[in-house]
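K.L.:
Please find one structure pasted underneath; my questions will follow.
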Amino acid sequence: MGRYARINHPGLIHHIIKRGNNREAVFLEEEDYRHYLNTIQRYKKKYEFKLYAYCLMTNHVHLLLETTSQGNISRIMQSITIAHIRYYNYKYQRCGHVWQGRFMSPVVSSDEYFLTAMRYIEQNPLRANMVKNVDEYCWSSYKLNIREKESSLIDRCDNIAFNSLGKDFESRVREYKRHLSCNLEKKQLDTIRETTRHSGNYVSKKFQEQFMKLLPQKRMRGRPREKEQN
């Protein structure tokens, strides 16, 4: 079986899932979480990507980001991952792999699917029974999304889904809190998990037709067949 090449097209929104090697912890102390977020912020300036939501779990991360022409998704994640590996191995006096080799990066369409992906990401600690409420978790974007002051880490002002929730900031936050207080339906969870496990994409039917034109051809194992001569 072949697999689709990574989609590196500017302007697409990706749900990144990156797991620790053998599902081992990649964040052991608070300093580790802070370093990873600082690394993201540093490469945001370099590659000019937009970050809409994130959640750093003990042994994996979720990022919802939009690329630009300054850096594709592969280059962005390679830079962030290498910087974290160097930091982690130096701090804990170790060597070798820290992360699994390939990260998942399903495309998310900028409609109701986008808001559902945000909820999925920020509700991760809740589903893992790490907290009782989403606002109790320190290492997700939830608190940045609902606070009045804009953050340099996330791009809330460019978040179409968030801005469509109300006419003013107070109404948007109120509606966003309402969304995050409700658990995703089983069908929504199953669909998102299916896309991350099988290299699918979380997009609406309207977006799917346009998106298929950008989809790279599937890579097949072995040598390409020679064209038959007439």
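The values are calculated or read from the model by the stated rules, or taken from the named source; none is laboratory data. Just so it is clear, the structure is predicted and the values come from calculations on it, not from any experiment. Glycine gets a Cβ as well: all are built from the backbone with ideal geometry, and neighbour counts include every protein chain shown.
K.L.:
Which is in a loop (DSSP other than H, G, I, E, B) and polar (S, T, N, Q), of ASN129, ASN89, ASN145?
P.N.:
On the way: ASN89 fails: in a loop (DSSP other than H, G, I, E, B); ASN145 fails: in a loop (DSSP other than H, G, I, E, B).
ASN129 is the lone residue from the list that is in a loop (DSSP other than H, G, I, E, B) and polar (S, T, N, Q).
K.L.:
Quick one: would you say SER110 is closer than 22 Å to GLU29 by Cα and crowded, with 17+ Cβ neighbours inside 10 Å? Give the derivation first.
P.N.:
Numbers: closer than 22 Å to GLU29 by Cα: no; crowded, with 17+ Cβ neighbours inside 10 Å: yes.
No, not satisfied.
K.L.:
With respect to SER110, determine if the residue is part of a loop (DSSP other than H, G, I, E, B) and closer than 19 Å to LEU12 by Cα. Step through it out loud before you land on a result.
P.N.:
Working: part of a loop (DSSP other than H, G, I, E, B): yes; closer than 19 Å to LEU12 by Cα: yes.
Spelling it out, SER110 is indeed part of a loop (DSSP other than H, G, I, E, B) and closer than 19 Å to LEU12 by Cα.
K.L.:
Consider SER152 against the criteria (1) among the polar types (S, T, N, Q); (2) part of a loop (DSSP other than H, G, I, E, B); (3) over 20 Å from the mean Cα position of the chain (by Cα): it satisfies all of them except one. Which criterion is unmet?
P.N.:
Result: SER152 fails condition (3) only.
K.L.:
Follow-up. Of everything in segment 74-102 that's within 19 Å of ARG42 (Cα to Cα) and of a type in the set (Ser, Thr, Tyr), which residue is surrounded by the fewest Cβ atoms within 10 Å (Cβ to Cβ)?
P.N.:
In this case the residue turns out to be SER74.
K.L.:
I need the full set of residues from segment 32-83 which are of a type outside the set (Ser, Thr, Tyr) and within 20 Å of ARG127 (Cβ to Cβ), in order please. Before you say what the answer is, go through the steps one by one.
P.N.:
Pass one, segment 32-83, residues of a type outside the set (Ser, Thr, Tyr): 32, 34-35, 37-38, 40-42, 44-46, 48-51, 53, 55-57, 59-66, 70-73, 75-78, 80, 82-83.
Scanning segment 32-83 gives ALA53, CYS55, LEU56, MET57, ASN59, HIS60, VAL61, HIS62, LEU63, LEU64.
K.L.:
A further question follows. Taking segment 155-164 on its own, how many of its residues are without any contact (Cβ under 8 Å) to a residue 40 or more places away in the chain and assigned to a loop (DSSP other than H, G, I, E, B)?
P.N.:
Matching residues across segment 155-164 total 1.
K.L.:
Among the listed residues ARG221, ARG197, which satisfies the condition of being over 19 Å from GLU112 (Cβ atoms), loosely packed, with under 10 Cβ neighbours inside 10 Å and at pLDDT below 90?
P.N.:
Values: ARG197 fails: loosely packed, with under 10 Cβ neighbours inside 10 Å.
Only one candidate qualifies: ARG221.
To keep it simple, each residue is scored yes or no on (1) within 20 Å of ASN145 (Cα to Cα); (2) among the charged types (D, E, K, R).
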| site | (1), (2) |
| --- | --- |
| ARG19 | no, yes |
| PHE27 | no, no |
| GLU31 | no, yes |
| ASN38 | yes, no |
| TYR43 | no, no |
| GLU48 | yes, yes |
| LEU56 | yes, no |
| VAL61 | yes, no |
| LEU64 | yes, no |
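K.L.:
If you take the residues in segment 10-26 that are surrounded by fewer than 15 Cβ atoms within 10 Å (Cβ to Cβ) and in a loop (DSSP other than H, G, I, E, B), which one is modelled with the lowest pLDDT?
P.N.:
The qualifying residue modelled with the lowest pLDDT is PRO10.
K.L.:
Please go through segment 127-154 and give me each residue that is under 15 Å from TYR176 (Cβ atoms) and buried (at least 17 other Cβ atoms within 10 Å of the Cβ), ordered by number.
P.N.:
Hits for segment 127-154 are VAL134, SER140, SER141, TYR142, LEU144, ASN145, ILE146, ILE154.
K.L.:
Can you tell me which residue in segment 33-63 is surrounded by the most Cβ atoms within 10 Å (Cβ to Cβ), limited to those that are polar (S, T, N, Q), assigned to a helix (DSSP H, G or I) and in contact (Cβ under 8 Å) with a residue 24 or more places away in the chain? Walk me through it before giving the result.
P.N.:
Pass one, segment 33-63, residues polar (S, T, N, Q): 38-39, 41, 58-59.
Pick out the ones that are also assigned to a helix (DSSP H, G or I) and you get 38-39, 41.
Then drop every residue that is not in contact (Cβ under 8 Å) with a residue 24 or more places away in the chain, which leaves 39, 41.
Numbers: THR39: 17, GLN41: 14.
Checked segment 33-63; the qualifying residue surrounded by the most Cβ atoms within 10 Å (Cβ to Cβ) is THR39.
K.L.:
Regarding segment 178-185, can at least one residue be identified that is at pLDDT 95 or above and farther than 22 Å from MET57 by Cα?
P.N.:
Scanning segment 178-185, I find at least one residue that is at pLDDT 95 or above and farther than 22 Å from MET57 by Cα, so the answer is yes.
K.L.:
Could you list all residues from segment 64-83 that are assigned to a helix (DSSP H, G or I) and either among the hydroxyl-bearing types (Ser, Thr, Tyr) or in contact with a strand residue (DSSP E or B) (Cβ under 8 Å, 6 or more places away or on another chain) (or both)? First the steps, then the outcome.
P.N.:
Here is the first cut: in segment 64-83, the residues assigned to a helix (DSSP H, G or I) are 73-83.
Matches in segment 64-83: ILE73, SER74, ILE76, MET77, SER79, THR81.
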